[in-house]
Amino acid sequence: MNPFEGKNIVVGVGGGIAVYRVCELVRLLMKRGAAVHAAMTKNAQEFVTPVTFEALTGHPVLTDLFDLSQKAIFGHLELGRRADLFIAAPATANLIARIRMGMGDDAVTTTILSCACPVLLAPAMNVQMWKNRQVQENVGALKRDGRFSFVGPGSGTLACGTVGEGRLSEPDEIVDAAEKLLTPQDMAGLKVVVTAGPTREMADPVRFLTNPSTGKMGFAVAKAAAMRGASVTLVSGPVSLKTPMGVRRVDAVSAIQMQRTVNEALGAGADMFISAAAVCDQRPAEVSPHKVKKEALSSELELVRTPDILKESRAQFGDARIPARPLFVGFAAETERAAENARAKLVGKKLDMVAANDVTEAGSGFGTETNRLVLVTAQGENALPPMTKEGAANELLTEALKLLGRRDADAGKGA
Ligand code: C5P
């Protein structure tokens, strides 16, 4: 399930210079499958005309409650009644104040009053305005209310030329915050530790052993778990991916560093450990502190085994049963007989689930956007069709929730 599919989102546009970036936000929301309607304040229309949002959304824009022609289209409070989510962007100091006071003095605030759905505010204003005590009091009051949540503002150079907090969040960050509000929170209260990416085993400061892992699968698992409400620690090898929203990321370079970090994270308490990292199995026996000159390089490199992080962390819990220990999920990147090899790992490392994939298959494995996983448990095998890594991550988590005995495990199925 895609949380945006079939959803009605109303974007309430406030009057700030950042309004031009809200056009991109609308486009992204629609690309994800949502139907978007726009309502604009009078000030917003000083920056961009309603025609822009009408063209982008494909729907008339609500701008005036007293305009009879608009009344005929929207009916009384029709927009609010159908909304699954309301996004106020840019949420100016003035708009935030009016929402906080429960005012219904224009198209945007009246629509907020008339809908029962969650409201996401994306503030944007000058840094002094954002720091203003009244503004902060209004923000605090809305946060305490429970129905309102905030994304941003970010920091950087503001339209007025000053540097500081007050920038409208990036459109993709606002989309992530919206996705969370539309996603069933079936992992709320769970602590999840995920490893991702390759490790790098240094021979000297400029030479190392590694593998082609990009970290995409592990990052997708971390993002999906966070979207579903889990508290996620992502232990990442060297990758060039953006940390998913709401995820605590700790970087590690070598297998030994990754093991130390994982032990700390598991030691702090975890309900699930999902080991998606492609940990190098070997490392150079000696690490030279200086670059070894080409002339001095030997044709042989002595290697020793790295720790098996997953196996050793599982072994620390001995015969303990869930929930006295975390649920352990491993990955098996194989080039032949993936499911069979995965079952051997399930037993050998005493895991609860192994997600197997054949990395030689097109559209599966290292660096691809998609994956075809077989989820192997003691109970049997669940062969998933090819799907995006985010979709596969959600299926894996749903299966893991069932093993944890969560009755609502099907609620957030797929993405
Ligand atoms: O035995 P194999 O390397 O195929 O097992 C793969 C699984 O074990 C993956 O989940 C991987 O993250 C984990 N692993 C590990 N430490 C290693 C090697 C693999 O945690 N040194």
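Among the residues of the range 180-200, how many are β-branched (Val, Ile, Thr) and more than 16 Å from residue 245 (Cα to Cα)?
2
Please state which one of 312, 381, 361, 369 is more than 22 Å from the chain's Cα centre (by Cα), acidic (Asp, Glu) and modelled with pLDDT under 90.
Result: 361 is the single residue among 312, 381, 361, 369 that is more than 22 Å from the chain's Cα centre (by Cα), acidic (Asp, Glu) and modelled with pLDDT under 90.
Taking interchain pairs and intrachain pairs at least six residues apart, which have beta carbon atoms under 8 angstrom, with the first residue in the range 275-287 and over 30 Å from residue 400 (Cα atoms) and the second assigned to a loop (DSSP other than H, G, I, E, B) and more than 10 Å from the ligand (Cβ to nearest atom)?
283/254; 284/301; 284/302; 285/302; 286/302
So how many residues does the range 68-108 have that are in contact (Cβ under 8 Å) with a residue 40 or more places away in the chain, under 17 Å from residue 138 (Cβ atoms) and assigned to a helix (DSSP H, G or I)?
Number satisfying all stated conditions: 8.
Of a type in the set (Val, Ile, Thr), more than 28 Å from the chain's Cα centre (by Cα), farther than 21 Å from residue 40 by Cβ and surrounded by fewer than 19 Cβ atoms within 10 Å (Cβ to Cβ) - does that describe any residue in the range 130-153?
no
Just the residues that are closer than 24 Å to residue 170 by Cα and of a type in the set (Ser, Thr, Tyr), please, taken from the range 220-258.
231, 233, 236, 240, 243
Tell me the residue from 65, 56 that is in contact (Cβ under 8 Å) with a residue 12 or more places away in the chain, in a loop (DSSP other than H, G, I, E, B) and of a type in the set (A, V, I, L, M, F, W, C), please.
Selected residue: 65, the only one of 65, 56 that is in contact (Cβ under 8 Å) with a residue 12 or more places away in the chain, in a loop (DSSP other than H, G, I, E, B) and of a type in the set (A, V, I, L, M, F, W, C).
In the range 335-387, how many residues are at positive phi, away from the ligand (no atom under 16 Å from the Cβ) and part of a loop (DSSP other than H, G, I, E, B)?
Selection size over the range 335-387: 2.
Taking residue 227 as the residue in question, decide whether it is more than 13 Å from residue 277 (Cβ to Cβ), of a type outside the set (D, E, K, R) and touching a Gly at 6+ places or on another chain (Cβ under 9 Å).
For residue 227, the condition - more than 13 Å from residue 277 (Cβ to Cβ), of a type outside the set (D, E, K, R) and touching a Gly at 6+ places or on another chain (Cβ under 9 Å) - is met.
What is the residue count in the range 262-316 for residues that are closer than 20 Å to residue 231 by Cα and more than 10 Å from the ligand (Cβ to nearest atom)?
So the answer is 10.
Hey, does the range 59-79 have a residue that's surrounded by fewer than 21 Cβ atoms within 10 Å (Cβ to Cβ) and touching a His at 6+ places or on another chain (Cβ under 6 Å)?
Scanning the range 59-79 turns up at least one residue that is surrounded by fewer than 21 Cβ atoms within 10 Å (Cβ to Cβ) and touching a His at 6+ places or on another chain (Cβ under 6 Å).
Looking only at strands (runs of 3 or more DSSP E) that lie completely in the range 205-312, which have at least 2 residues being surrounded by 14 or more Cβ atoms within 10 Å (Cβ to Cβ)?
207-209, 231-236, 248-251, 272-275, 282-284
Regarding residue 49, is this residue farther than 21 Å from residue 166 by Cα, of a type in the set (S, T, N, Q) and touching a strand residue (DSSP E or B) at 6+ places or on another chain (Cβ under 8 Å)?
No; evaluated as a whole, the condition is false for this residue.
On the basis of being outside the structural domain of residue 263 (by TED's automatic domain parsing) and not small (Gly, Ala, Ser), does residue 109 make the cut?
It is true that residue 109 is outside the structural domain of residue 263 (by TED's automatic domain parsing) and not small (Gly, Ala, Ser).
The values are calculated or read from the model by the stated rules, or taken from the named source; none is laboratory data. Quick caveat: nothing in here was measured; it's all calculated off a predicted structure. Reconstructed Cβ throughout: ideal geometry from the backbone, glycine too, with neighbour counts over all protein chains shown.
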